[in-house]
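The values are calculated or read from the model by the stated rules, or taken from the named source; none is laboratory data. Just so it is clear, the model here is predicted, and its values are computed rather than measured. Don't worry about glycine lacking a Cβ; one is built from the backbone with ideal geometry, like all the others, and counts go over all protein chains shown.
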Amino acid sequence: MQQRGKRLQNDKYLRGLLRDESGGRRIYHSILADYILGQMSEEEKKKYHKRAIKIYRGKLKKAKKEQTKPDELAAVRLPEHVLSVEGDKSFIYVFTDECIQPLTNLGLLDEAISLSERALRIVKDGSVEEAMVLGNLGFICQTKGQLDRAEEIQKRSLEIDKKLDHIKAMAADYGNLGMIYQKRGEFDKAEEMVEKALKIDEKLGLLEWGATAYGNLGVIYQGKGKLDKAEEMHKKSLEIAERIGLITEISRQYGNLGLIYLKRGELDKAEKTLKRSLVINEKLGLLEGMAKVYGSLGLVYKQQGDLEKARGYWEKSLDLFKKIGMPNEIKEVEWWIEEIKEK
């Protein structure tokens, strides 16, 4: 193996296809990848994959423990190495349990969709695994603004979970459907779904999920114009999240409360609250959260009359939404920017 490594370093063309990465050098060309793997024995390949699994899993665990930005390469590549060594079932669980959240946080939605579709070709029809992969895929499609596809997928997940009497998973399905309807402006339907989710969360003592459900209800009440009720729900969510140390939900609820204060015209309070959310989002590398807060801060500065500052924040927001691939949000922010250009 050392001789092959020296041969790679001495070959100018092949050497140019390597890139330095933390933990080693990464192959950036399929020809080179095929060349190296073709020179390896099955035992060497297994050692290579196991080493990669150890490095990537360690990076993701460290980021989760320290509540910092996850490693992009680790989130994308870990499932592939697991598949090569441990097989189909391990691939599915590693992807859903260890990688889907980092991929979503980093805005790598296309990669998450690709891995989800691959997982669906592996799982058995009507299985817990199929419902789990579908539920995650529905959420990702919702984030990308593909609401019809998201609803169809989420309903398939719910149907399987009902047949399997998988109550906990049903709560997630109801919650995701609620947010799909909220984004469509179907607020009564959205409230019905999220209330169903919350009822299960409270019955099973799922504090983390309950915090999310209260936050979702707050978003729905904001859509209905019931700001006092929305504030109550967001504060309930925030209280639970702070009690159990759920930092992502804390940042989300600061963002939601900031929007309420903005709508009430409490601009200083809105700015302060939104910046608390932004600090957490930046620390964790939550691109969607950062994009939303930048957009909201732009609205604050617009109302304060500082149009240049507003545009600066909206441009930051727009860049991130484009990177993630969220077309509805892109259109909204572009409209805000165009509106102030005309003034």
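Out of all the residues in segment 124-145, is one or more farther than 28 Å from M326 by Cα, more than 22 Å from the chain's Cα centre (by Cα) and either hydroxyl-bearing (S, T, Y) or surrounded by 20 or more Cβ atoms within 10 Å (Cβ to Cβ) (or both)?
yes
Condition first: under 30 Å from K189 (Cα atoms) and assigned to a helix (DSSP H, G or I). Can you find one or more residues in segment 303-314 that meet it?
Restricting attention to segment 303-314, the residues satisfying the condition of being under 30 Å from K189 (Cα atoms) are none.
There is no residue in segment 303-314 that is under 30 Å from K189 (Cα atoms) and assigned to a helix (DSSP H, G or I).
Can we say L297 is out of contact with any Lys or Arg (no Cβ under 8 Å at 6 or more places or on another chain), in a helix (DSSP H, G or I), at pLDDT 95 or above and crowded, with 18+ Cβ neighbours inside 10 Å? Full working, then the answer.
Working: out of contact with any Lys or Arg (no Cβ under 8 Å at 6 or more places or on another chain): no; in a helix (DSSP H, G or I): yes; at pLDDT 95 or above: yes; crowded, with 18+ Cβ neighbours inside 10 Å: yes.
No; evaluated as a whole, the condition is false for this residue.
For segment 281-291, how many residues are closer than 22 Å to I140 by Cβ and either in a helix (DSSP H, G or I) or of a type in the set (D, E) (or both)?
Final tally of qualifying residues: 7.
Can you name the number of the only condition in (1) within 22 Å of the chain's Cα centre (by Cα); (2) surrounded by 15 or more Cβ atoms within 10 Å (Cβ to Cβ); (3) of a type outside the set (A, V, I, L, M) that K302 fails?
Failing condition for K302: (1).
Could you count how many residues in segment 170-188 are within 18 Å of the chain's Cα centre (by Cα) and of a type in the set (A, V, I, L, M, F, W, C)?
4
Restricting the first residue to segment 322-341 and requiring it to be touching a residue at least 60 places away in the same chain (Cβ under 8 Å), which pairs with a second residue that is acidic (D, E) meet a Cβ separation below 9 Å and a spacing of at least six or different chains?
If the second residue must be acidic (D, E), the pairs left are I324/E288; G325/D110; M326/E288; E329/E288.
Taking segment 37-85 as the region of interest, how many residues are of a type in the set (K, R), surrounded by 13 or more Cβ atoms within 10 Å (Cβ to Cβ) and farther than 24 Å from L287 by Cα?
Final tally of qualifying residues: 5.
Have a look at D148, D88 and point out the one that is of a type in the set (D, E) and either crowded, with 16+ Cβ neighbours inside 10 Å or within 22 Å of I324 (Cα to Cα) (or both).
Sole residue among the options that is of a type in the set (D, E) and either crowded, with 16+ Cβ neighbours inside 10 Å or within 22 Å of I324 (Cα to Cα) (or both): D148.
So C99 fits all but one of (1) buried (at least 16 other Cβ atoms within 10 Å of the Cβ); (2) over 22 Å from T248 (Cα atoms); what number is the exception?
Of (1) buried (at least 16 other Cβ atoms within 10 Å of the Cβ); (2) over 22 Å from T248 (Cα atoms), only one is false for C99: (2).
Show me the helices (runs of 4 or more DSSP H) entirely contained within segment 46-152 in which 3 or more residues are of a type in the set (S, T, N, Q).
Answer list for segment 46-152: 100-105, 128-143.
What residue, of V94, V76, is at pLDDT 90 or above, out of contact with any Pro (no Cβ under 8 Å at 6 or more places or on another chain) and aliphatic (A, V, I, L, M)?
V76 is the lone residue from the list that is at pLDDT 90 or above, out of contact with any Pro (no Cβ under 8 Å at 6 or more places or on another chain) and aliphatic (A, V, I, L, M).
Could you pull out the residue among E239, E249 that is farther than 28 Å from G325 by Cα, at pLDDT 95 or above, assigned to a helix (DSSP H, G or I) and not basic (K, R)?
E239
Identify the residue in segment 185-218 that is of a type in the set (A, V, I, L, M) and either touching a residue at least 60 places away in the same chain (Cβ under 8 Å) or surrounded by fewer than 18 Cβ atoms within 10 Å (Cβ to Cβ) (or both) and, among all such residues, is farthest from K162 (Cα to Cα).
If we take residues in segment 185-218 being of a type in the set (A, V, I, L, M) and either touching a residue at least 60 places away in the same chain (Cβ under 8 Å) or surrounded by fewer than 18 Cβ atoms within 10 Å (Cβ to Cβ) (or both), then L207 is farthest from K162 (Cα to Cα).
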